[in-house]
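In what follows, a single structure is set out as structure tokens and then discussed.
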Number of protein chains: 2
Amino acid sequence: MPPSGKPVTLKDLAAHAGVSRSTVSLVLQESPLVAKSTRERVMAAVRTLGYVYNRGAATLRSARTHTIGVVVHDIANPFFGAMVAGIDETLQNADYVSFLASTGDSPERQQRLINRLREQRIDALLLCPAENTPETLLDTLERWGLPCIEVMRHVGASPRGHYVGADIRAGMIRAVTHLAGQGHRHIALLTGPGHSSADRDRMAGFQAAMEDAGLVPDIRTGRGELTRRAGLERTLEIMSEATPPTALICHNDLMALGALLALARLGLTPGVDCAVIGIDDSDEAALSEPALSSIATHPHAIGSAAAELALACLDHPGGEPQRLVLDTSLHLRASADHCLHRSREPS
Amino acid sequence: MPPSGKPVTLKDLAAHAGVSRSTVSLVLQESPLVAKSTRERVMAAVRTLGYVYNRGAATLRSARTHTIGVVVHDIANPFFGAMVAGIDETLQNADYVSFLASTGDSPERQQRLINRLREQRIDALLLCPAENTPETLLDTLERWGLPCIEVMRHVGASPRGHYVGADIRAGMIRAVTHLAGQGHRHIALLTGPGHSSADRDRMAGFQAAMEDAGLVPDIRTGRGELTRRAGLERTLEIMSEATPPTALICHNDLMALGALLALARLGLTPGVDCAVIGIDDSDEAALSEPALSSIATHPHAIGSAAAELALACLDHPGGEPQRLVLDTSLHLRASADHCLHRSREPS
DNA sequence: GGACGTATTTGGATCGATCCAAAACGCTCA
DNA sequence: TGAGCGTTTTGGATCGATCCAAATACGTCC
């Protein structure tokens, strides 16, 4: 038994169990080659001596740490809480663990975090990239041989490697079709400035859906965060215009909930005087007053799919890039289920 | 230059820069002992060869990974987003990185995650413990020699080692004093079942504050999550009683926001018919309708203080346990700023 | 030029785990 | 009992970085 403060090693376990270091190593790897009685002796030594595996040492020889890095841009967005839960559930079944890091939408901070994860020898990376992420990041990851699955956002005009996302376009079509059916002709999209693929996907999907419906798209990009407060502030501005839109589709639920607050502040009836649709269908959407209609992106399923894809890449390296675009659905609630009063519609 | 797929090592850098492996190592450690021109040659080799440091190898000899584990019970709670931002800001200045893991309030999952972090040789742990965490966890951490700072919650009846938290008691006193000053006599606390120190602290603080005010405490514990939905559901139940409380203090802002929703659903005027006070003072508190009064716990400052304490422990090992209990403040908004109508008060 | 002191660099050992070919062991059959 | 075969265990080399005492280099002074 080494003195306090000195870590227990395989050598100590081997001495205690009366076997070689190699046998101990095989036991810890759950190798089927070891006899049951031997395995039991070693595991008893592990418990008795309080051994803690040294993954750093193991990385010098073995290929795997069984650790996945998860890098997202905003952990305060409930979408990521649900997505990470899906990731972790899937990884747990494979005896992998995820380490989460948050970039605050800064490409520099993102690079630093990814470097640090790589230094720890993560096996793969699940990345929801910061806005303005340069494509050189993907070159670097490729050079490293680090499998990367982009999730929900991708670097560049289209995903280059593995990607898991939601079918925003289909969601937009459903939302616009629904709003048009209710009489809305002036529908606005509130989104970011276009520095992320999430912005651009929403814009493209919205544009296509509006053109399909024979309507003129009104796309409201804006700088800054995609938060509740931003949704509120920007909606206050929009509604102060001479001919404001009669319906809003917001970048995410947080912004949509902010928009509902703004409408209420203006003495308008959210959902009646102006329809609001969010994206993500967070738990909160169902609870708000009025309940928020939202394009459901199923973050838990997104997380699970991304983790499955990572594990598959690790099992079968060198495969073709996989693009998984999961179905969305439109969850209609009070914020967008009233027919528009004709008197509110411009000629 | 080693072939693709084979990592660049110190040996490769040394050959490229025309120095020894030891010199390379000293340069990477930013040792002042190395000549400037030598350092430049080595750093040029690093860039040219695309070297990635191997922290696993380094952990075999050096004492530090410059990595802090952050283990929390619910990443979807905005409190933790803000706290982690505070942690990361402080750690970045010291060239440390945090890896975040979420336990879902499960002690078993928590143990598994902490084991995995330890295997990666994190330098210290910031822990907001899952409810029902056994004290044996602290024994284990001590045996490992892993510095641990409990944050906001602690294991056992009182913190045993380092702790950073908020002065909930002072916050409770302010909230109760304020409500009593407005005429409230029946004030209820909505909190968890008492399995976490956060629950118990709130109960004790509330009890003491109510006794100080000469009022009878009404403590509503409940099973399950401390979420918006839970706040809504439990408030609906409470308000269906014959003599419901005229004021609610909720475990956190999420629950308080749920309570506001419930009151509105019941046709009551939130803040007038029943006052509501949350805990945390999240961004959302200011935006809701009515704006939520909240005991501000300053999560960003909590995170910074915890990270500072961790760094101090690492710089000066063996010091006395530090207990930092940061001031709270009461942020009064519309949800609790009306004097109570006398007709609503029981005799 | 040699001695001395300081600055800089070096090289072999070490760290804890894995790898893999070889050794050891146990069982069965002739 | 010995040979053959399958099962189990072993031990030395290796991995990439750090450590630290020793070696080397450099500048200054006499």
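The values are calculated or read from the model by the stated rules, or taken from the named source; none is laboratory data. Model, not experiment: these values are computed from the prediction. Reconstructed Cβ throughout: ideal geometry from the backbone, glycine too, with neighbour counts over all protein chains shown. For accessibility, only protein heavy atoms count, side chains too; no ligands or nucleic acids. Shrake-Rupley method; radii C 1.70, N 1.55, O 1.52, S 1.80 Å.
Things to note:
- Cα-based equivalent ellipsoid of the protein assembly as shown: semi-axis lengths in Å, sorted from largest, via gyration tensor: 46, 35, 22
- Ligands, DNA and RNA are left out, and with a 1.4 angstrom probe the accessible area of region A:10-53 is 61 Å² per residue.
- Global form of region A:187-279, assessed from the alpha-carbon gyration tensor, a/c cut-off 1.5: oblate
- Gyration tensor verdict on chain A (Cα atoms; rounded if a/c is under 1.5, prolate if a/b is larger than b/c, oblate otherwise): prolate
- Here residue B:223 yields copy-to-copy label distances, from shortest upward, of 5.2 nm, the label point defined as 7 Å from Cα along Cα to C-beta.
- Across chain A, the mean sequence separation of Cα contacts (distance under 8 Å, 6 or more residues apart), normalised by length, yields a relative contact order of 17 percent.
- Buried accessible surface for the B/A chain pair comes to about 4600 Å², total over both chains, computed with a 1.4 Å probe.
- Whole-angstrom gap from region A:1-58 to region A:168-226, using each part's C-alpha centre: 59
- Once the partner protein chains are put back, region A:113-148 shows a loss of at least 40 square angstrom of accessible area, versus the chain by itself, at A:116, A:119, A:120, A:121 (probe 1.4 Å, ligands and nucleic acids excluded).
- Other protein chain C-beta atoms within 10 Å of residue C-beta, averaged over A:95-104: 6.
- Interface residues in region A:210-251 - accessible area drops by 20 Å² or more relative to the isolated chain, probe 1.4 Å: A:228, A:229
- For residue B:195, inter-copy separations between label points set 7 Å beyond Cα along the Cβ vector come to 4.2 nm, shortest first.
- Inter-site label distance for residue B:240 and residue B:115 at 7 Å from Cα along Cβ, in nm: 4.4
- Helical content of chain B, expressed as a calculated mean residue ellipticity at 222 nm, amounts to -13500 deg cm²/dmol (DSSP H runs of 4 or more residues, -39,500 (n - 2.57) each, divided by residue number, nearest 500).
- Ligands, DNA and RNA are left out, and with a 1.4 angstrom probe the accessible area of region A:152-197 is 30 Å² per residue.
- Interface residues, region A:257-293 - accessible area loss of 30 Å² or more versus chain alone, probe 1.4 Å: A:261, A:265, A:284, A:287, A:289
- Tensor-based shape of region A:1-144 (alpha-carbon gyration tensor, a/c under 1.5 rounded, otherwise prolate or oblate): prolate
- One decimal place: the segment residue A:219-residue A:20 gains 64.8 nm when fully extended, by the rule 0.36 nm per residue minus the C-alpha distance.
- Surface share of carbon and sulfur [accessible, 1.4 angstrom probe, percent] for the protein assembly as shown: 51
- Between region A:277-295 and region A:82-122, the Cα center-to-center distance that results, in Å: 28
- Computed from label points 7 Å out along Cα-Cβ, the spacing between residue B:195 and residue B:136 is 1.7 nm.
- Counting from the shortest, the label point at residue A:43, 7 Å from Cα toward Cβ, is 5.2 nm from the same position in each remaining copy.
- Dimensions (Å) - region A:10-53, Cα atoms, principal axes, largest first: 23, 18, 16
- Extension gain (nm, one decimal) between residue A:269 and residue A:157, 0.36 nm per residue minus Cα-Cα: 36.4 nm
- Spatially near lysine pairs across the protein assembly as shown, Cα under 30 Å, sequence gap of 8 or more or different chains: 7
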